[in-house]
Amino acid sequence: MASILYISYDGMAEPLGQSQVVSYLENLSGEHAIHVVSFEKPADLADDAKMRRTRARMEAAHIGWTPLRYHSRPSAPATLYDIAAGTARCIALCMRIKPDIVHARSYISGMIAIALKRVFGAKFLFDIRGFWADERVDGGLWDAEGRVYKTVKALEKRLFRAADHIVTLTDASVPIIEKMDFAGAAPPPITVIPTCADLQRFDLPATRPADPFIFGYVGSFGTWYLMDETMALFRAVCALEPDARMLIVNRHEHAQIRAAAQAAGIDQDRIEISASDHASVPNYIHRMHAASALIKPCYSKLSSAPTKLAEYLGCGVPCVGNTGVGDMESILEGRDIGVALRSFDDAALAEGAKRIVTMARDPATSERCREAATALFSLSGGVEAYRTIYGALASGDRLAGHS
């Protein structure tokens, strides 16, 4: 049994932390002693009921948990403060639990982890979750010629060089990682583990969804997901399915969604928005005939694997995505379970709408979607991959280069 310190800059009280961290670790905590340090949003820390539920779930799985406060403003100083505070807390914690492995989720956590590796000699598992510095540039948050970006890119080299094993979300990102500067050394082993879903929850509905045609979207839009293009795509669906409705599961952007629908010339009566908790999301997806996951195509998104894709496919729902985003094209087009748009002009959207409606009306499509989800995105498959990595790091074995 290895002692593992897991560091996440995402909170465990958030839906993302629940589905993409806790769901994995509670399947591994019977084999390893796991302690999580996470950075929780102030609103979640203030929600006593939510924090109690999260802690109860952790305790039921025998996972230790140290929640720290996440700071967001001013951006750079707040992040530096979190790194310093997290490092100090983790050093104190490591003196007690003596970790064999430090598992860092993304770059901020990785900056804490490399200090712990240096001080305590623990193995460093770098779970990159994406090319963070380039995401900040592609999202318009940083200047590619600015000091902050160049500083973080220099730190990125240190993170990749220090890693004993790297986990990435997509096959498309592996060649990019392998070409990074490892100071003349061979890259460490790299494992691709996409964002998985609990396919016991995200399962096929008992019956096919009833008419009218429901086009769906789950999650926030934020910086990356294309709200206007999604509405334009739905408008194209409406031209084929005059009674079509759009079902959107989203917590905080209702006014913006309504405004985007109005700008696209879509009747508000066609749009249903629900602020569901994550536990109820499968029930909403079960009502959908097809769904959308349009993402801004750019360099940093070659390492992106949207969670919603796994959830749609697990429920048998074909998806419209786009090229230039991780493995989206090879998954959707290669397995005939969706459409990968190459552009967002009217002709491409009309053709994409025609193809996805036809696909959604084919009774065989839902089974193909489910088979793809089982093969690529099952939580059990992700857990097994982490189990293999933990075992190799704890024993000192080196896994094959790319798995």
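The values are calculated or read from the model by the stated rules, or taken from the named source; none is laboratory data. A quick note: this is a predicted structure, and the numbers were derived from the prediction, not measured. Reconstructed Cβ throughout: ideal geometry from the backbone, glycine too, with neighbour counts over all protein chains shown.
Residues that are acidic (Asp, Glu) and under 28 Å from ALA236 (Cβ atoms) within the range 197-220 comprise just one, ASP211. For the range 372-398, a tally of residues being in contact (Cβ under 8 Å) with a residue 12 or more places away in the chain, of a type outside the set (Phe, Trp, Tyr) and either at positive phi or not in a helix (DSSP H, G or I) (or both) returns 2. Note on the range 99-142: residues that are within 22 Å of SER75 (Cα to Cα) and not hydrophobic (A, V, I, L, M, F, W, C) total 13.
Among the residues in the range 117-131, are any of a type in the set (Val, Ile, Thr), surrounded by fewer than 23 Cβ atoms within 10 Å (Cβ to Cβ) and within 28 Å of GLY326 (Cβ to Cβ)? Scanning the range 117-131 turns up no residue that is of a type in the set (Val, Ile, Thr), surrounded by fewer than 23 Cβ atoms within 10 Å (Cβ to Cβ) and within 28 Å of GLY326 (Cβ to Cβ).
Number of residues in the range 209-247 that are in contact with a strand residue (DSSP E or B) (Cβ under 9 Å, 6 or more places away or on another chain) and of a type in the set (Asp, Glu) equals 2.
The criterion of at least 2 residues that are in contact with a helix residue (DSSP H, G or I) (Cβ under 9 Å, 6 or more places away or on another chain) and touching a residue at least 40 places away in the same chain (Cβ under 8 Å) is met, among strands (runs of 3 or more DSSP E) falling completely within the range 198-300, by 214-218, 290-292. Filtering the range 93-111 to residues that are of a type in the set (Val, Ile, Thr) and more than 21 Å from the chain's Cα centre (by Cα) leaves ILE97, ILE101.
Results for (1) surrounded by fewer than 24 Cβ atoms within 10 Å (Cβ to Cβ); (2) at pLDDT 95 or above; (3) out of contact with any His (no Cβ under 7 Å at 6 or more places or on another chain); (4) acidic (Asp, Glu), shown as yes or no for each residue.
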| site | (1), (2), (3), (4) |
| --- | --- |
| VAL218 | no, yes, yes, no |
| PRO242 | yes, yes, yes, no |
| MET246 | no, yes, yes, no |
| ARG251 | yes, no, yes, no |
| HIS254 | yes, yes, yes, no |
| ALA260 | yes, yes, yes, no |
| PRO282 | yes, yes, yes, no |
| SER304 | no, no, yes, no |
| TYR312 | no, yes, yes, no |
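Being assigned by TED's automatic domain parsing to the domain that holds HIS35 and under 26 Å from SER395 (Cβ atoms) is a description that does not apply to ALA60.
Checking GLY30, GLY11, GLY86 one by one, the residue that is touching a strand residue (DSSP E or B) at 6+ places or on another chain (Cβ under 7 Å) and within 24 Å of ALA385 (Cβ to Cβ) is GLY11 and no other. Exactly one residue out of ALA76, ALA85, ALA115 is of a type in the set (A, V, I, L, M) and at pLDDT below 95: that is ALA76.
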